[in-house]
Amino acid sequence: MKTIKKISTLFLLLVGIFSFTTIETKTSKNGINLDQIDVIEALNKEYFECRPSSKIMFYVESTIEKKSRGYNVVKADIKVLDRQTGNTKLLASQSIVIANNKDAILEIPELSDARSTTELTNGDILLHKNNTNKYQFNDLVKYNSLYNSYVNSTNKRLNTSRLNK
């Protein structure tokens, strides 16, 4: 009877010791080369397939450039993220005028300084000054995932609740 108790005690002791140790395996972080991604093809796949890619993610970051009475000027950056390594790459950057009221008449000095302007479906005005990016902001925002990310990012930055499409 004593041998059974010794064996069971030894067994419980070994189980207790090995249950709190972990075996660490190093996974190599070989990520995707973000310079070789075909962005339009990846966005089309996201649009037509039921799930987004698990390797990359597109998102929009926004910062406030100027707060004024009646409007805000926001800089929005569209970026791609390699989920495995955490590396990001800037795809497009744009200054955008967001009116506080939908029907506001805007006399904005930024509009006269801009080379040309484009209006989004929600009324935001894109200011085209000097564009050195490979992709155009207004072309990428046509995809629902990036448009929704843009609206959510600017809502969070401006503390508003504008609706998506």
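The values are calculated or read from the model by the stated rules, or taken from the named source; none is laboratory data. Since we're looking at a predicted model, the values are computed, not measured. Virtual Cβ from ideal backbone geometry, glycine too; neighbours counted across all protein chains shown.
Some values worked out for this structure:
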quantity	calculated
Inter-residue pairs, beta-carbon under 6 Å, first acidic (Asp, Glu) and in the stretch 119-136, second modelled with pLDDT of 80 or more, 6+ apart	119/125; 124/96; 124/98
Of residues in the stretch 1-43 being modelled with pLDDT under 70 and basic (Lys, Arg), the one surrounded by the most Cβ atoms within 10 Å (Cβ to Cβ)	29
Flag for residue 46 being modelled with pLDDT under 85, within 15 Å of residue 140 (Cα to Cα), charged (D, E, K, R) and surrounded by 16 or more Cβ atoms within 10 Å (Cβ to Cβ)	yes
